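Reviewing the structure listed below.
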Amino acid sequence: MSNPNNCILSAQRSLSLREHSEYEIRTKLRNKGYAESEIDEAVTQLKNTDMLSDDRYTSQYIRLRQNKGFGKSKIIYELKIKGISSDMINDNSDVFNDDYDILVKLYNKKFYKKNENDDKSRSKLYNYFMSRGFQASHIKKLLEDQG
């Protein structure tokens, strides 16, 4: 594929559907067979027109995942997989809500009506919340408060 405009249009189509990180856009364009020089040119143009912004992507992703009931640890892990630098994540740390509040909301939404006082059920809850990226200390506090 030799036309750089096609490369830019392809990236714009992807970005019109949802935000993407620079890493994701580069990967998508590579998979479509565009040359590195075309990809570099497209990414530069998209950044200059503010269509591509890792900062905006990071803050939006944090809010989205927290609203879906994920903790800070899991979200940070996912952002690193998506090519977001630790510095960018730290710059957006003010976007993170309190993990404990999110944990309590998730517990009340999914488990409040169940009587989960036996050790096996508590262990399952603990493992579930750990897999969602919540801190062990927050989970223990929640389970103590609820049981």
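The values are calculated or read from the model by the stated rules, or taken from the named source; none is laboratory data. The shown structure was predicted, so the numbers you read here are calculated from the model rather than taken from an experiment. Please note: Cβ atoms are built from the backbone with ideal geometry, for glycine as well, and neighbour counts cover all protein chains shown.
Taken over segment 33-68, the criterion of being touching a residue at least 40 places away in the same chain (Cβ under 8 Å) and among the charged types (D, E, K, R) is satisfied by no residue.
Residue count for segment 69-105, restricted to those that are among the charged types (D, E, K, R), over 16 Å from PHE129 (Cβ atoms) and touching a residue at least 12 places away in the same chain (Cβ under 8 Å): 3. Of the residues ASP101, ASP118, the single one that is under 20 Å from the mean Cα position of the chain (by Cα) and either at pLDDT below 85 or surrounded by fewer than 12 Cβ atoms within 10 Å (Cβ to Cβ) (or both) is ASP101.
Quick grid of which residues meet (1) over 25 Å from SER93 (Cα atoms); (2) of a type in the set (Phe, Trp, Tyr):
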site	(1), (2)
CYS7	yes, no
SER10	yes, no
SER14	yes, no
LEU17	yes, no
THR27	yes, no
TYR34	yes, yes
THR44	yes, no
ASN48	no, no
ASP55	no, no
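Tell me yes or no: at least one residue of segment 5-26 is out of contact with any Leu (no Cβ under 9 Å at 6 or more places or on another chain), free of Cβ contacts under 8 Å to residues at least 40 places away in the same chain, more than 30 Å from ASP98 (Cα to Cα) and part of a loop (DSSP other than H, G, I, E, B). No - not one qualifying residue is present in segment 5-26.
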